[in-house]
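> Below is a structure I'd like to ask you about.
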Amino acid sequence: MKEMIYQTICPGCGIGCGLYIRKNAEGKLSIDHMKSSPVNLGKLCRFGMKLPYYYAKENNAVNQVNASNADVETAIKTAVEILKDADSSSTALLSVGNTTNEEQMAFTKLAATLSTVVQTGVSSECLNMPEASLAEIEKAKRIVLFIDPYAQYPLIVRRLLTAKKNGASIVAVGTQPLNLADETLDLKPGQYDELKLDRESLIIADMHPNSDIKLAKNILVLAQKTGAKIQFMRSFMNSFGTGLSVNQENKMFGLAELVEDIELGNIRTLVVLDSDPIELMPDNEAAIEALKKLDKLIVISSRSSPVTELANIVIATEPVYSKAGTFLNAEGKLLKNSGTGKAGVDALSLLNAGIGGKAFTYDEMNYLVLKAIEAQKENRSVAAECAASDNGISSPKVLKGKYELKYLYNPFMWFDQKDDNDFVLLNRNTVRKLGLRKGGYVNMKSDRGELKMRFRVEALPDGLVLTAKKLPVATGTSTIISMERC
Ligand code: SF4
């Protein structure tokens, strides 16, 4: 095998940092920085630097039928037999944006032949969110953060620091003080006037399958009222691209609603494209139990992950870095891979033709993608009309002797990747109250059981515990727990 170099983007989040993946003659992967990438100028965060592990050969998906390895033709043929018999009213397709626009478009074709639609894990109420550009961060006079950029979207930190150098004031909304913010305000939506925003301001929030929709609406209302721009960050490399092929008139469900429908038996067949509901849902165990209720689970994926273990059929595609195709990052910028792999589009074409639809090629999908991008540009200025809601970021719901354990979503968490963040964050009062020792452990208990964790002290409000890693004691993005020294 000769050495190959692929120009690609990092799959860790919607920023879409450019990089090269080098595959040597022995198949070993390494990273080369892409200084010419306008998105990140060659820089990568910890997740990006660890991509050789993410893409390691043992993490590649393998074609399977009923848990046994199979050739791709058998896997596709068996999936066709299942889909031919599937009832459209109880069949769902899910793709959150971990693959190319072209595969996403091909998946939409399959959904149409099945008389259904592709769900993206985000409610239709939030599909039409307006976007600023990442470069506008540096020019804003006042920036309001509804995210923790260090943990969630590290590559915008340098833009925020440049904004500060240019004289911007930065406010963090929430309960966790941020180093780069001039102030942190724990505000309810009714108090947002205190943010003092105007047309030269920029709001940075995020949108993902576990987002609080009411909060997102409140942020939109805030922007509409003040004229401030909004940048909604996205959690997946092509989250933004999923909107290209989605018909806005169709009802889109949030991921939790989709899983609930599976739980209730309303969805009997699920087809997922490079999306793992087990990794995505806050409670892994609950997601596994729900997926076990399906009659059939078909996974089309480049990665092996918990959902491929449960699947009846796995149709394996090539790793994302080697695919031919395009992506839209969080600011709607079109980014392109240099790879030539078309296994994903080809498999979807065979599936579509097998169930009575038309076969298609990668080039046809690429043409439709570019056409949809042009159409989307014309509609971009339309901001969603939203009614204000009374919900929003709030202080932890502290009950006597209890604590609120909250997820701090980050790229490692979305993909269940190993990280050094093997600790929870709590404040000094909690450490004193529980008599915790430096370098020691805290024991956390919930209805799910108990867990010993290392801890770090952070300036958080009383009663709040943050985790950047999924923990088995958590039952949702927020879980009430008790804690003691151990
Ligand atoms: S995880 Fe996001 S910020 Fe980090 S390198 Fe990847 S795309 Fe860039």
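> Consider Q119 against the criteria (1) over 25 Å from the mean Cα position of the chain (by Cα); (2) under 30 Å from V345 (Cα atoms); (3) open to solvent by less than 30 Å² (accessible area, probe 1.4 Å): it satisfies all of them except one. Which criterion is unmet?
Condition (1) is where Q119 drops out.
> Just to be sure, is T99 within 16 Å of the ligand (Cβ to nearest atom) and assigned by TED's automatic domain parsing to the domain that holds Y362? Steps first, please.
Numbers: within 16 Å of the ligand (Cβ to nearest atom): yes; assigned by TED's automatic domain parsing to the domain that holds Y362: yes.
Taking the combined requirement at face value, the residue satisfies it.
> Right, G42: more than 16 Å from the ligand (Cβ to nearest atom), open to solvent by less than 80 Å² (accessible area, probe 1.4 Å), at pLDDT below 95 and at positive phi or not?
no
> Scan the range 150-185 residue by residue and report those that are open to solvent by 60 Å² or more (accessible area, probe 1.4 Å), more than 16 Å from the ligand (Cβ to nearest atom) and either at pLDDT below 95 or in contact with a strand residue (DSSP E or B) (Cβ under 8 Å, 6 or more places away or on another chain) (or both).
K164, N179, D182, E183
> Do the conditions hold for L222, that is, is it open to solvent by less than 40 Å² (accessible area, probe 1.4 Å), within 16 Å of the ligand (Cβ to nearest atom), part of a helix (DSSP H, G or I) and out of contact with any His (no Cβ under 9 Å at 6 or more places or on another chain)? Can you show your working first?
Working: open to solvent by less than 40 Å² (accessible area, probe 1.4 Å): yes; within 16 Å of the ligand (Cβ to nearest atom): no; part of a helix (DSSP H, G or I): yes; out of contact with any His (no Cβ under 9 Å at 6 or more places or on another chain): yes.
When the stated conditions are applied, L222 does not pass them.
> Could you grab me the full set of residues in the range 456-471 that are open to solvent by 40 Å² or more (accessible area, probe 1.4 Å) and touching a strand residue (DSSP E or B) at 6+ places or on another chain (Cβ under 6 Å)? Lay out the reasoning, then the answer.
Narrowing the range 456-471 to residues open to solvent by 40 Å² or more (accessible area, probe 1.4 Å): 456-459, 462, 469.
Correct list: R456, E458.
> I'm checking my understanding of the structure. Among residues of the range 1-39 that are among the small types (G, A, S) and open to solvent by less than 40 Å² (accessible area, probe 1.4 Å), which one is farthest from the ligand (Cβ to nearest atom)?
Taking the candidates together, the pick is G27.
> Look at D295 and say whether it is over 12 Å from L310 (Cβ atoms) and in contact (Cβ under 8 Å) with a residue 12 or more places away in the chain.
yes
> OK, next. Hey, among the residues in the range 125-149 that are modelled with pLDDT of 90 or more and assigned to a loop (DSSP other than H, G, I, E, B), which one's farthest from the ligand (Cβ to nearest atom)?
K141
> Failed condition for D206, given (1) open to solvent by 10 Å² or more (accessible area, probe 1.4 Å); (2) not in a strand (DSSP E or B), with all others met?
Result: D206 passes all but (2).
> If you don't mind, there's one more thing I want to ask. On the given criteria, is S88 buried (at least 23 other Cβ atoms within 10 Å of the Cβ) and more than 13 Å from the ligand (Cβ to nearest atom)?
When the stated conditions are applied, S88 does not pass them.
> Does F236 meet the test of being part of a strand (DSSP E or B), closer than 17 Å to V96 by Cβ and under 25 Å from the mean Cα position of the chain (by Cα)?
No; evaluated as a whole, the condition is false for this residue.
> If you check E73 against the conditions, is it open to solvent by 30 Å² or more (accessible area, probe 1.4 Å), free of Cβ contacts under 8 Å to residues at least 12 places away in the same chain and either within 24 Å of T340 (Cβ to Cβ) or away from the ligand (no atom under 16 Å from the Cβ) (or both)? Spell out how you get there, then give the answer.
On the way: open to solvent by 30 Å² or more (accessible area, probe 1.4 Å): yes; free of Cβ contacts under 8 Å to residues at least 12 places away in the same chain: yes; either within 24 Å of T340 (Cβ to Cβ) or away from the ligand (no atom under 16 Å from the Cβ) (or both): yes.
In short, yes.
> Would you pick out the residues in the range 247-262 that are closer than 30 Å to C17 by Cα, modelled with pLDDT under 75 and open to solvent by 20 Å² or more (accessible area, probe 1.4 Å)?
Result: N247, Q248.
> Next question. Mind listing just one residue for me: the one in the range 45-63 that is away from the ligand (no atom under 16 Å from the Cβ) and open to solvent by less than 40 Å² (accessible area, probe 1.4 Å) and, of those, nearest to V157 (Cα to Cα)?
A56
> Right, something else. Within the range 203-220, is there a residue that is within 29 Å of V157 (Cβ to Cβ), at pLDDT below 95 and basic (K, R)?
There is at least one residue in the range 203-220 that is within 29 Å of V157 (Cβ to Cβ), at pLDDT below 95 and basic (K, R).
The values are calculated or read from the model by the stated rules, or taken from the named source; none is laboratory data. The model shown is predicted, which means the values in this text are computed figures rather than measured ones. Neighbour counts run over all protein chains shown; Cβ positions are idealised from the backbone, glycine included. Remember, those area values only see protein heavy atoms, side chains included, never the ligands or the DNA or RNA. Shrake-Rupley method; radii C 1.70, N 1.55, O 1.52, S 1.80 Å.
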